[in-house]
Amino acid sequence: MVSATTLSILICYILVTAFDCLLNSLNLRHLKRHGAEVPSGFEEDIDAETLRKTSAYTLEQNRFGLIESISDSGLLLIFLFGGLLALYDRWIASISSSFIIGGGLFFMGLVLAQTVVGIPFSLYATFRIENRYGFNTMTPRLWFSDLLKSTAITFVLLTLLTTGALAIVQASPEFWWLWVWGFFAVVSVFLMYLSPYLIEPLFFKFEPVKEEGLEEEIRLLMEKAGLKVSRVMQMDASKRSRHSNAYFTGIGRVKRIVLYDTLLAQMNHREILAVLAHEVGHWKKGHIWKRLVLTEVGALLASYLAYRLISWGGLPGLLGLQQASFAAQLVILGFLGSLASFPFTPLGSWLSRRHEWEADRFAVELAGMPDALASGLIKLTRENLANLHPHPLYARFYYSHPPIVERVRKLREKGAELDR
């Protein structure tokens, strides 16, 4: 007999999933109605064939994503409410009675299962959808190599994190929530230093920017912003995909700029500088550390709440279980936490969009090239077949960046003001 509490949690999850599907459906219907319309001001940059291809790509991606989401949700419900969690928990306990080893095996098994389940979806997305629209450049051999390397890295990090955290829990039953939070925070910062030198090179080849004069122009822009960058690199992204991007990586003295080789092939120097000025805006406006502080404060609160709820002892009963190991209770908490945090999704998206607007304004002030930033963003949108017609409600709920049409319009208005 399912308890009223368990039934309520199940219904809540179904409602959240249904709402997510509804938003996706609204977004797709909106695209079908307006997908053939060239946005005002984009007439010289987007033609009918590009619009057709963009709409088809977005529709196929979203439909496939919806199928994957429903599949994942179904498996999760079966695992949590179908008795598999209890069976899995008992099986792990039969392998090892050690709190640390058993807990580590528990999470490694879940990650392995998640990886295996995701393989067919990844293969289809890469070699069917991305191939169909001319993006994929990966060979099956390279895809498999990436899978092995990413899985190995995941298991190494997972082993270190789980065994370290569980050892802390065992050593300090009353204050583990604080020490575990600190442990994860330190490891996160350490990985930000380590990743550019040990992890990223396992997947991409990095070398100094080859385009004549570009690195010097970038360094002059960084100096104007008062920002020191250790290296300006380009990476062979085209070995895997024709999608383009640029990013900052690392912190402190290992901070560096990385440009996709696909981006270098698509944009002129002014556009690249304008796009990088936007990224500099995130640093100068404090968006990076503000998000980091917000994340860590949230993690600390979540860690303390987890401690209180596990100490309460009633977590297994919420899902109709008689008992559950510490690791299993963390899984239950993760599930409940995803439900509790879902209503805050639009708040997080709004904050991210606000930061993007601030970075755009900073880029205009720093580089003085709003038209170059606008044309660079249009090229990114066109070359990546990004959706030009998102449903407003979907965009408000999920978009971390303002819709591209709005960004370009404001940038061009700013450009007109500077020309007066």
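Only the coordinates and a few stated rules stand behind these numbers; no lab work does. All of these numbers come straight from a predicted model, not from anything done at the bench. Note that each Cβ is placed from the backbone with ideal geometry, even for glycine, and that neighbours are counted across all protein chains shown.
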| Label point 7 Å beyond Cα of L26 along Cβ direction - residues of the stretch 393-419 with amide nitrogen under 20 Å | 393-406
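Going through the stretch 141-249, which chymotrypsin sites (Phe, Trp or Tyr not before Pro) have at most 14 other Cβ atoms within 10 Å and a DSSP loop state?
Listed in order of number, the matching sites are F175.
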| request: Sticking with the crude label model, points 7 Å out along Cα→Cβ, report the distance from L75 to L59 in nm, one decimal please. | output: 2.9
| remark: Expressed in angstrom and ordered largest first, the alpha-carbon extents of the stretch 204-261 along the principal axes are 34, 26, 16
| Under 16 Å Cα-Cα from K228, which aspartates and glutamates qualify once same-chain neighbours fewer than 8 residues away are excluded? | E215, E216, E217, E279
| request: Calculate the translational D of the stretch 115-193 in whole µm² s⁻¹ from Stokes-Einstein, where the hydrodynamic radius comes from the Kirkwood formula applied to all Cα pairs, the temperature is 20 °C and the viscosity 1.002 mPa s. | output: 139
| note | With only helices counted (DSSP H, runs n ≥ 4, each -39500 (n - 2.57)), the per-residue ellipticity at 222 nm for the chain, to the nearest 500, works out to -24000 deg cm²/dmol
| task | Using the structure shown, list the pairs from K285/K414; K379/K410; K149/K239; K53/K410 with a Cα-Cα distance above 23 Å, or answer none. | result | K53/K410
| task | Measure nothing but the geometry: give the 0 to 90° angle between the long axis through the Cα atoms of 4-34 and the longest principal axis through the Cα atoms of the chain, rounded to 10°. | result | 20
| Percent RCO, i.e. relative contact order, over the chain, from Cα pairs under 8 Å lying at least 6 residues apart | 21
| message | Can you compute the charge dipole magnitude of the chain about its Cα centre, using +1 on each Lys and Arg Cβ and -1 on each Asp and Glu Cβ, nothing else charged? Give it in debye, rounded to the nearest 20. | response | 360
| query | What whole-number value in cubic angstrom gives the convex hull volume per residue for the C-alpha atoms of the chain? | reply | 154
| field | Extension gain from M192 to A18, taking 0.36 nm per residue of separation minus the Cα-Cα distance | value | 59.0 nm
| Quick one: helix 326-341 against the long Cα principal axis of the chain, what's the angle to the nearest 10°, folded into 0 to 90? | 40
| field | Relative contact order (%) - the stretch 204-261, alpha-carbon pairs under 8 angstrom, separation at least six | value | 35
| message | Need one number: nm distance between label points at R52 and S40, each 7 Å from Cα along Cα→Cβ, rounded to one decimal. | response | 2.7
| How big is D, in µm² s⁻¹, for the stretch 24-172 by Stokes-Einstein at 4 °C and 1.567 mPa s if Rh is the Kirkwood radius over C-alpha pairs? | 67
| query | For the chain, with the dipole built from +1 on Lys and Arg beta-carbon atoms and -1 on Asp and Glu ones, taken about the Cα centre, which of S40, S122, P201 lies farthest toward the positive end? | reply | S122
